[in-house]
1. Sort out the exposed loop trypsin sites (Lys or Arg not before Pro) in the chain (DSSP loop, at most 10 other Cβ within 10 Å) and tell me the longest stretch that has none.
2. Just to verify a number: what accessible area does Ser56 come out at with the full protein assembly present, 1.4 Å probe, Å² rounded to tens?
3. Return the single residue from Asp172, Asp61, Asp125 with maximal mean-square fluctuation; model: Gaussian network over the chain, springs between Cα atoms under 10 Å.
4. Just reorder Leu140, Leu58, Leu106 by solvent-accessible area, largest first, 1.4 Å probe, all chains present.
5. Using a 1.4 Å probe and ignoring any ligands, DNA or RNA, find the accessible area of Glu349 and quote it in Å² to the nearest 10.
6. Taking a quarter of the surface of the convex hull around the Cα atoms of the chain, what do you get in nm²?
7. Let me check something: with ligands and nucleic acids excluded, how do Met94, Met112 order by accessible area (1.4 Å probe), largest to smallest?
8. Given Pro183, Tyr119, Thr330, which one lies farthest toward the positive end of the charge dipole of the chain, if we put +1 on the Cβ of every Lys and Arg and -1 on the Cβ of every Asp and Glu?
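The values are calculated or read from the model by the stated rules, or taken from the named source; none is laboratory data. None of these values were measured; they are calculated from a predicted model. Here the Cβ is made from the backbone with ideal geometry for all residues, glycine too, and neighbour counts use every protein chain on show. The accessibility values were calculated without ligands, DNA or RNA, using every heavy atom of the protein model including side chains. Shrake-Rupley method; radii C 1.70, N 1.55, O 1.52, S 1.80 Å.
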Amino acid sequence: MGLYQKLKIVKSIVFISVLFISGCNWSQTNEFEPIEKVIDEALHFSARQSLLMANSLLEKDGLLPKTADRYGNLETCNPEWWVSGFFPGLLWYMYEFTKDDKYKQLAHSFSMRVADQQYFTTTHDLGFIIFCSFGNGYRLTGDSSYLKIIETASCSLVSRFRESTGCIRSWDPAEWNSRWEYPVIIDNMMNLEMLLWACHQFNENRFCDVAITHANTTLKNHFRPDNSSYHVVSYDTVTGLPECKNTAQGYGNESSWARGQAWGLYGFTMAYRYTGDTIYLNQAKRIAGFLLDHPRLPADKIPYWDFDAPNIPDCYRDASAACIICSALTELSQYVIPELSEEYLNVAETQIRTLNSPHYRNTTNNNGNFILKHSVGHMPDNSEVDVPLTYADYYFVEALIRMKKLRGSE
Ligand code: GLY
């Protein structure tokens with residue numbers, strides 16, 4: 001037997017052993033598995049995990065999932081915290097997928113835990129909190145009692161807009177040590193979806209005016225010539241001009257924090273969906289170009305937590321950024337020429353396969369029964385580093401459902 005044949009036999013033995021050791025997980029990550037099968041399996045797993053998580057929280061009145069601690073225990077938050085609406089929203093997606101009333105009941109009851117946030121005027125995160133929960137709830141059930149909650153939350157959100165700056169204030173002075181006069185973060189693009197939807201639903205032009213002005217101001221001031229974005233732009237409230245451009249959660253003021261780029265991509269794609277204005281579509285395409293052409297985007301398409309983190313490749317990835325990008329690219333693929341569409345969908349599919357692999361996917365009865373692992377919340381604060389995060393799960397499932405609908409309609 002020649003050396004080449006011996007090598008082939010050794011390779012086969014190693015391959016079969018890997019198959020045996022990895023058990024069924026291997027088939028879930030196999031790059032030759034049809035994407036439809038990968039998506040369905042991931043959605044069934046997500047449905048099981050969310051049910052376990054919901055059951056573990058039934059007795060904990062008013063609390064919502066946030067992350068898992070280093071011992072693998074579920075960490076919760078109060079409804080005021082910006083992530084509170086994601087788990088109710090995830091349950092609504094699970095209802096959409098399973099059509100099982102038990103998810104509908106859970107989604108409703110967890111949504112009600114965040115309902116009082118509609119009155120809060122001290123946060124810009126109302127879109128995340130109220131629209132992921134009640135927005136999805138109304139979309140799937142038409143329950144008219146959810147409408148008033150969304151309308152009130154929209155009024156609360158626009159109360160944070162100031163004409164002089166042309167945008168909605170993100171953080172109040174008490175937060176982040178009053179470092180900024182009028183801070184606006186790129187994340188805030190996401191909260192505009194509730195306003196753009198509510199504008200048409202309630203025939204209230206003020207909601208659109210505020211959302212569009214905010215998007216235009218962000219487009220003008222948040223982006224660098226290479227189409228990456230700053231995290232925080234703070235405004236001088238007298239002149240209305242930016243007073244400084246910084247970061248809070250990224251590596252540095254001039255770095256490209258991965259989740260910030262993801263929020264921008266998703267936000268401008270969504271703004272195009274509601275307005276049909278190609279300035280937003282073009283911005284979304286430019287952000288996608290920055291991300292997908294970036295030399296430090298790994299081949300598996302899960303970004304490092306910051307594209308300019310100093311110790312790449314020996315630093316943490318951020319699965320949450322990947323999930324947001326994946327969902328946004330799936331949508332954006334519908335608005336562009338076939339060549340770009342194919343590129344975006346290839347990246348989104350790679351992300352789905354990677355996130356569904358044993359490295360990123362959580363296992364049952366671990367880490368609070370989240371779906372995914374390996375996200376980064378706030379690295380400079382050394383909090384929520386390399387952990388599951390509720391919004392990673394939400395956007396992962398949203399991406400799966402979007403891709404499933406797309407593949408089903410082809
Ligand atoms: N909106 C806060 C974050 O993305 O961490």
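1. Working: sites that count: Arg70, Lys99.
The longest such stretch corresponds to 100-410.
2. 60
3. With Cα springs under 10 Å in the chain, the top fluctuation among Asp172, Asp61, Asp125 is at Asp61.
4. Numbers: Leu140 50, Leu58 80, Leu106 20 Å².
Highest to lowest solvent-accessible surface, that is Leu58, Leu140, Leu106.
5. Around 30 Å² of this residue is reachable by solvent.
6. Values: hull surface 86.9 nm².
Taking the Cα atoms of the chain, their convex hull projects to 21.7 nm² on average.
7. On the way: Met94 0, Met112 90 Å².
Largest accessible area first, the list is Met112, Met94.
8. Thr330
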